[in-house]
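A.B. asks: This is the structure I have questions about; it appears just below.
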Amino acid sequence: MERVRNTAKLIREKWKTQFDPPDDLENEKQYKERWRSIYIIYFTMFSMSLGFSIIVTGVWPYLDRLDPLAGKEFMGYIVAANPFAQMLFSPLVGWWSNKLGNIRIPVVISLMIFAVSSAMYSSIEMLDDNRKYYMLASRFLVGVSSANIAICRSYLAAATRYSERTGAVSMISLAQVIGFIMGPAIQAAVVPIGDDGFFLIKDKLKIDMYTACGWISVLIAIINMYMFLPNIFREHKIAGREAMLKQKKDNIKDTYKLHKPNYFATWTLIVSFFIIVFNFMLLETLATPLTMDQFAWSKSESLKYTGILISVGAVISIITSLAIPHLSKHFSEVKIMVWGGFFFMVLGRGIYIPFNNEPPPIYDNGLKLNLTFFCDRTIRNSSFDENNFNISELNVFNFNSTAYEELLENNRTTELIKIATLNCGDDLLGCPSTQEWCSEIPALTITNFVIGLLLTTFGYPMGITLIQTLVSKHLGTRPQGVWMGLLTGAGCLSRVLGPVCVTHIYEEYGTIWTFGITTAMMVATLLWLFYFEEEITPKEIVSMEEEGEELNNMASNKERKDQENHM
């Protein structure tokens, strides 16, 4: 207990508001209000990321239950719908926020959309037809709500001093990473509710291990909306005032002229952001179907074990993100990004390329579909009359059902029907026969899967944190709503293309092509960043006095060199 108390004390000290002596920029009250607003932004980033990731590992078994014919490719569209909407709306929401001059109204409206769309996701089973399309629509609307991430990043840049920027961005990235990684952990935590769950509205609205995640998102959205009430959230934009003070300017627009963005560096970082998020999304999208195919795990086993592994990765990500501000005091931020972020992501992708192993176990996909449809007509159809059940229907399947005929004739219970149909096909595990490469390509080992996941969760927070920090510093004091919308849009585009492309490549060509291509992408990006390291290192805006002193030093050095040359 003593150790727990000491740890809690350290955490309180870490988050305690530390106010330096007052200056011309703010007093102690304004300082505390500013940092309270920043903490609320951290929570918003967490909730939006959680809203995306909380369904990623569960979407495939949930979709498979709602519509067995949907397939993994449509699952890719559902996962991609969220970032696609976010990509479309992020620049628009950023522009709207710039026009309004505040972020409260856009954020609150987006959180309302988030709550409604999450409830919609958890209520799909109340519908009889086109369920997969309603699921697609619900995830698209969640993506619309997630467009507020752009203005959260923009506000953070405006609400922090230059010296605070790296630490603040590392924390907002930490909140985002925790959201991405805790989603699957929460999904794993609700697995004990089971596939059957319990009804809120009899035979209509049910809470089970899939729909519980949507209702958790609704609760988080309501809490987040409360935080943006006027008496809790107050905007304080200090970056512009700091630049005005340093440059002795009367208005903020004059400071823009003194700091022109490095567009080559900014666009390089935006593309790098696309690449690193693409590779992270590859793992989150494929984690459940990959483990089910390669290790013959059931749906519940896959949700449970991947959730546990990703939870361990969350701890690693937290430690990594907390270490970034301290590392940046001793090393170049660009070097940390390249060798601490991208290099470990390269290792994490490369280790997933399988060699020298037996192919994974394979099951008959046609048989599984038939068993699933049979259960849909019998057990899951509310109009099913057990007295009219015809046991001869079981004979259409390619397995021996005679052992159950006598039992079923005397006691036609749901449990016996499940036994006769191999648990409605769910006990057929491994790689589906429709994926022809399964019989030729070696299976991925559990060891490689675990090591690759842990390497990824170490490198990813390093990469995205420092990319956002560097972009913010390159843009300077100007309003960053649109640019942060573009950065967010790049991440969204990767989360659109990632699920669609990798699920298609994985289904058609297998693990070697999937992970070989993504490893090559990461290697090329790492080499590009390494070559242009000096170009993408930002320059700080200095005060007029510092600038004059720097010019004097340059002149003195030039004069001294001229004298040495004449001698």
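A.B. asks: Over 29 Å between Cα atoms, which of Lys32/Lys99; Lys29/Lys473; Lys299/Lys335; Lys206/Lys304; Lys304/Lys473 qualify?
C.D. replies: Lys299/Lys335; Lys304/Lys473
A.B. asks: At a 10 angstrom cut-off on C-beta neighbours, averaged per residue, how do the peptides 145-157, 290-302, 32-44 rank from highest to lowest?
C.D. replies: Packing order, densest peptide first, comes out as 145-157, 290-302, 32-44.
A.B. asks: Let me ask another. Is the stretch 139-238 best put as rounded, prolate or oblate by its Cα gyration tensor, with a ≥ b ≥ c the root eigenvalues, rounded for a/c under 1.5, and otherwise prolate when a/b is larger than b/c, oblate when not?
C.D. replies: Since a/c reaches 1.5 and a/b is larger than b/c, the shape of the stretch 139-238 is classed as prolate.
A.B. asks: Please work out the Kirkwood hydrodynamic radius for the stretch 64-142, using every pair of different C-alpha atoms, and report it in angstroms with one decimal place.
C.D. replies: After inverting the pairwise mean of 1/r, the radius is 13.9 Å.
A.B. asks: Here is a follow-up. Probe 1.4 Å, all protein chains in place: accessible area of Met87 in Å², nearest 10?
C.D. replies: 50
A.B. asks: Show me, bin by bin at 5 Å from 0, the whole-percent P(r) of the stretch 292-335 based on Cα pairs.
C.D. replies: Percent of Cα pairs in each bin: 5, 19, 16, 13, 11, 10, 8, 9, 7, 1.
A.B. asks: Next question. For the stretch 32-106, what is the accessible area per residue in Å², given a 1.4 Å probe and the full set of protein chains?
C.D. replies: Accessible area per residue: 31 Å².
A.B. asks: Hey, another quick one. Rule-of-thumb check for the stretch 67-106: C-alpha Rg over 2.2 N^0.38 Å?
C.D. replies: 1.77
A.B. asks: While we're here: With just the Cα atoms of the stretch 66-220, tell me how far they stretch along each of the three principal axes, in Å, largest first.
C.D. replies: 55, 30, 29
A.B. asks: On a 1.4 Å probe surface of the protein chains, which of Ile105, Ile324, Ile207 comes out largest in accessible area, and what is the full order?
C.D. replies: Ile105, Ile207, Ile324
A.B. asks: Need one value: the accessible area of Leu200 in square angstrom, 1.4 angstrom probe, rounded to the nearest 10.
C.D. replies: Per-residue accessible area (Leu200): approximately 100 Å².
A.B. asks: To one decimal place, what Kirkwood hydrodynamic radius in Å is obtained for the stretch 105-169 from all pairs of distinct Cα atoms?
C.D. replies: 13.7
The values are calculated or read from the model by the stated rules, or taken from the named source; none is laboratory data. Computed from a predicted model, the values in this text were never measured in an experiment. For neighbour counting, all protein chains shown are included, and Cβ atoms are generated from backbone atoms with ideal geometry for every residue, glycine included. The protein model used for the area step is the full one, side chains on, heavy atoms only, and it has no ligands, DNA or RNA in it. Shrake-Rupley method; radii C 1.70, N 1.55, O 1.52, S 1.80 Å.
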